[in-house]
1. Kindly list the number of the only condition in (1) touching a helix residue (DSSP H, G or I) at 6+ places or on another chain (Cβ under 9 Å); (2) at pLDDT 90 or above; (3) in a loop (DSSP other than H, G, I, E, B) that fails for PRO102.
2. Residues in the stretch 62-78: is at least one surrounded by 10 or more Cβ atoms within 10 Å (Cβ to Cβ), of a type in the set (A, V, I, L, M, F, W, C), assigned to a loop (DSSP other than H, G, I, E, B) and modelled with pLDDT under 65?
3. For the stretch 124-145, indicate whether the set of residues that are more than 22 Å from ASN74 (Cβ to Cβ), touching a residue at least 24 places away in the same chain (Cβ under 8 Å) and part of a helix (DSSP H, G or I) is non-empty.
4. I'd like to check something: does the stretch 107-118 contain any residue that is outside any loop (DSSP other than H, G, I, E, B), without any contact (Cβ under 8 Å) to a residue 24 or more places away in the chain, surrounded by 21 or more Cβ atoms within 10 Å (Cβ to Cβ) and within 12 Å of the chain's Cα centre (by Cα)?
5. Considering only the stretch 153-167, I want to know if a residue exists there that is in a loop (DSSP other than H, G, I, E, B), touching a residue at least 40 places away in the same chain (Cβ under 8 Å) and within 23 Å of ARG46 (Cβ to Cβ).
6. Does GLY216 satisfy the condition of being surrounded by 11 or more Cβ atoms within 10 Å (Cβ to Cβ) and modelled with pLDDT of 75 or more?
7. Kindly check whether there is at least one residue in the stretch 129-138 that is surrounded by 15 or more Cβ atoms within 10 Å (Cβ to Cβ) and more than 22 Å from TYR48 (Cβ to Cβ).
8. Starting from the stretch 169-184, keep only residues that are under 13 Å from ASP125 (Cβ atoms) and of a type in the set (S, T, N, Q), then list their pairs with residues that are crowded, with 18+ Cβ neighbours inside 10 Å and modelled with pLDDT of 85 or more whose Cβ atoms are within a distance under 6 Å, requiring at least 6 positions of separation or different chains.
Amino acid sequence: MSLSIYVSTEARGSKMPSSSLYGRKVLKAPPRTKAGIWPFDKQEKRIYHEFIIAENSDGEPVEHTCNPDHLANNFGANPDAPHYLTPVYFRREVLQRYYEFPEKFSIEASYLSCGGLWGLSIDNDHPDHVMVFLGDLGRDLPESERPYWRTFNIAPIGRPSRTAIRRSLFALPTAPEAPDLRFKSAYRLFKTEWQNSLAGHYFKSPSPTTPTLFSGFASRSTVVNRNSKTKSSA
């Protein structure tokens with residue numbers, strides 16, 4: 001602490017003497033853990049849920065955490081653990097929640113997103129199920145969303161779609177095969193090529209309800225597929 005005194009014979013236009021007292025104190029820097037910036041910010045403990053990745057010899061589900069730090073990868077980490085790219089399967093109805101709120105969520109070929117908040121790579125081009133890699137569930141899907149996905153988690157059946165295999169494992173550009181995804185892709189491609197070649201618009205400007213119509217088409221496609229399977233098995 002340092003002090004200084006200033007004495008003046010004029011204060012606010014008067015002839016009365018006045019004085020000022022100034023003080024300065026140097027504070028010790030707080031601990032780095034309280035800096036609030038990386039890499040010293042305090043990370044809250046995250047919860048990583050477990051998902052079904054296989055079945056044992058008795059037909060019982062085998063679960064494993066989706067924590068990416070506890071999974072194997074191509075660089076030698078956790079060699080005894082399941083791989084980051086272990087496929088996890090879900091009933092197709094898991095996407096219905098996101099189809100119903102197109103103003104908030106977007107479902108495209110191989111990708112589910114919530115605005116700019118989060119995005120998740122998915123295999124939604126298979127007629128029987130939705131597949132997500134185990135590591136992506138822990139890295140990209142918010143903790144608050146995982147309990148919902150767990151309710152649709154099923155034992156591994158079949159294999160990922162041809163589209164997912166070519167895109168994820170071989171990095172090959174592949175057009176989707178599902179009717180709703182093909183429609184969206186063809187619509188956007190036609191619109192873009194028409195505008196580039198003729199410098200005009202073939203379709204009218206989209207109304208505010210266009211995203212809802214697109215989502216409704218995909219949603220009905222999912223429902224029709226599910227109902228057809230129910231009737232065929234009856």
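1. Of the numbered conditions (1) touching a helix residue (DSSP H, G or I) at 6+ places or on another chain (Cβ under 9 Å); (2) at pLDDT 90 or above; (3) in a loop (DSSP other than H, G, I, E, B), the odd one out for PRO102 is (2).
2. Checked against the condition, which is being surrounded by 10 or more Cβ atoms within 10 Å (Cβ to Cβ), of a type in the set (A, V, I, L, M, F, W, C), assigned to a loop (DSSP other than H, G, I, E, B) and modelled with pLDDT under 65, the stretch 62-78 yields no hits at all.
3. no
4. Yes: one or more hits.
5. no
6. Spelling it out, it is not the case that GLY216 is surrounded by 11 or more Cβ atoms within 10 Å (Cβ to Cβ) and modelled with pLDDT of 75 or more.
7. yes
8. Once the first residue is under 13 Å from ASP125 (Cβ atoms) and of a type in the set (S, T, N, Q) and sits in the stretch 169-184, its partners that are crowded, with 18+ Cβ neighbours inside 10 Å and modelled with pLDDT of 85 or more give THR174/THR163; THR174/ARG167.
The values are calculated or read from the model by the stated rules, or taken from the named source; none is laboratory data. Given the structure is predicted, the values throughout are model-derived calculations rather than measurements. FYI the Cβ positions are ideal-geometry reconstructions off the backbone, even for glycines, and counts take in every protein chain you see.
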